[in-house]
Structures are given as C-alpha cells and as structure tokens.
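What follows draws every value from the coordinates through simple rules; no lab data is involved. On a predicted model such as this, the values are computed, not experimentally measured, just so you know. Note that each Cβ is placed from the backbone with ideal geometry, even for glycine, and that neighbours are counted across all protein chains shown.
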Amino acid sequence: MYEVETVLPFDENNKSKSTQIAKMFDEIAPQYDTLNHTMSMNLDKRWRRIGLKALSDLKPQTVLDIATGTGDLAIEAYRVLRPQRILGVDISENMMKVAKKKVLALGLQDTIDFDKQRCCSLTIESNSFDAITVSFGVRNFENLDLGLQQMLRVLRPGGRLMILELSTPDKFPIKQGYKIYSNIIPILGKLFANNKAAYGYLPKSISAFPQNNEMADIMRKNGFKNVSFRKLSFGICTMYLGTKGK
C-alpha cells in the first residue's frame with residue numbers, strides 16, 4: 001500500500017477512499033472549474049496541452065480519459081488530437097453532468113461520451129484504446145497498482161498512457177512559495193466552494209503521492225515500457241508517459 005492510498009477527504013474511516021472521493025467531487029462539482037482554474041492561475045490548461053502533444057505522434061483514433069471530471073482534458077483532446085472517439089470515465093456523477101453540458105454546448109456529443117466507472121475495475125474490453133490520459137486524478141485512486149494494471153489492460157499494444165499529476169516543487173523559491181500556498185488552499189475551498197475538507201485533502205494527497213522516479217518505477221513494475229517523466233512549471237506539475245509493449 002502506498003501512503004497516498006491512506007489519505008482520505010473526510011474523517012470517515014468506515015467508508016472506502018473511492019466512496020469518499022465520489023462524495024467529495026459530487027459536492028464541489030458546480031464550483032470546480034472556476035476554483036480549479038483560479039487556484040492554478042490557468043496553468044492547468046497549459047499542462048493539458050503539453051500532455052496531449054506528447055501523444056500527437058501516435059495519431060490516436062480512440063482515447064480513454066480516466067478521472068475525466070468536468071471533461072476539460074477530453075474536450076482538449078478533441079481539439080489537439082482529433083480522434084474518432086473519446087470516452088471519459090469517472091466515479092462522480094455530478095462532475096460528469098457538468099462535462100456533458102460542456103460537450104453538448106460544443107456540439108461534440110457524437111465524439112465524446114461519458115460513463116461512470118471505477119478506475120480499479122474498468123468494464124472496458126482489453127486492447128481497445130490507442131491512448132489513455134489521466135489529469136490530476138491518479139492520486140485519488142483507491143489502489144494505484146490496480147488502476148495502472150487496468151489501464152495497461154485496456155490499452156492497445158503500442159498504445160501510450162499520459163498522466164498529469166500535481167507535485168511538490170523542490171527548488172528555491174518555488175518550494176517555499178508552494179508550502180505557503182498549500183496552507184491557503186483549504187481556506188479558498190471554504191470561502192468559494194463551502195468545502196474546506198475537499199481542499200484540505202488536495203495538498204495532503206499531493207504530498208503523499210509517489211513522485212518523479214518513484215512513480216516511474218511504479219509504472220514499470222505494473223508493466224509499462226519506455227517510462228519517462230517531465231517536470232512542468234518548476235515542478236508544480238509532472239507529466240508521466242508509458243507505453244504498452246507490442
């Protein structure tokens with residue numbers, strides 16, 4: 001078990017992490033986009049574009065977006081990659097309700113679809129997607145190993161996984177500034193989303209998540225090849241890449 005798997009949003013140890021994560025995102029869904037973009041100063045949009053461009057050489061025709069949330073990465077995947085089909089999966093019904101409205105407003109409902117799924121037990125056929133993306137959701141997995149194994153299973157041979165995850169900077173002065181900002185995040189969550197617990201969970205889960213070489217080794221252990229990582233914005237975010245062997 002990894003430390004991040006024991007970090008929970010609420011003081012409800014009788015409920016599983018996935019149950020608590022679903023409850024948390026269902027509660028903050030209406031305010032999520034506004035608060036998320038504000039807290040990241042819109043850097044999250046840039047990170048998504050960088051991550052998707054790392055898949056462009058594959059020219060994937062089918063893309064699976066795990067922990068799709070309100071669908072930002074799924075929508076950006078259409079703009080950057082132009083695949084024939086994108087499926088976004090998540091455990092939060094309310095987050096996907098927001099995503100569906102956005103997709104419908106853009107007229108992309110024939111290309112982008114959504115389905116409620118648990119990342120550790122995907123009901124998706126093996127070898128069925130050219131690329132898989134996860135943005136800021138891997139640290140919410142109840143079982144990181146199982147989640148990675150499921151993603152490897154549904155990837156086609158030669159397909160690629162791209163993970164974006166928030167990380168803790170280790171260089172001065174970004175490291176010091178990030179620590180101060182981490183203490184402010186729960187206050188912002190209380191003020192704007194009326195949910196201090198959800199935004200208190202955020203910095204705790206980031207700190208507990210295996211990062212850089214440790215995460216790359218976990219991906220290799222679970223069967224991914226050609227694993228690499230790249231720090232973005234001075235280490236505030238990290239992109240991980242891995243392929244499924246042919």
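Of the listed pairs Lys23/Lys45; Lys15/Lys45; Lys45/Lys101; Lys204/Lys225; Lys15/Lys102, which have alpha-carbon separations greater than 23 Å here? If you can, show how the numbers build up before the last one.
Working: Lys23/Lys45 25 Å; Lys15/Lys45 33 Å; Lys45/Lys101 19 Å; Lys204/Lys225 29 Å; Lys15/Lys102 31 Å.
Exceeds cut-off: Lys23/Lys45; Lys15/Lys45; Lys204/Lys225; Lys15/Lys102.
So if I average 1/r over every pair of distinct C-alpha atoms in segment 3-243 and take the inverse, what Kirkwood radius in Å does that give?
Working: mean 1/r = 0.0558 Å⁻¹.
Result for segment 3-243 stands at 17.9 Å.
Around Met1, under 15 Å between beta carbons, what's the net of Lys plus Arg minus Asp minus Glu among the other residues? Don't skip to the end; give the middle numbers.
On the way: positive: Lys17, Arg139, Lys221; negative: Glu3, Glu5, Glu142, Asp145, Glu214.
Summing Lys/Arg as +1 and Asp/Glu as -1 gives -2.
Taking the Cα centre of each part, how many Å lie between segment 66-92 and segment 1-55?
Segment 66-92 and segment 1-55 have Cα centres spaced 15 Å from each other.
Please rank Thr133, Thr19, fewest neighbouring Cβ atoms within 10 Å first, as an exposure proxy. Working shown, then result.
Numbers: Thr133 31, Thr19 15.
By the 10 Å Cβ count, ascending: Thr19, Thr133.
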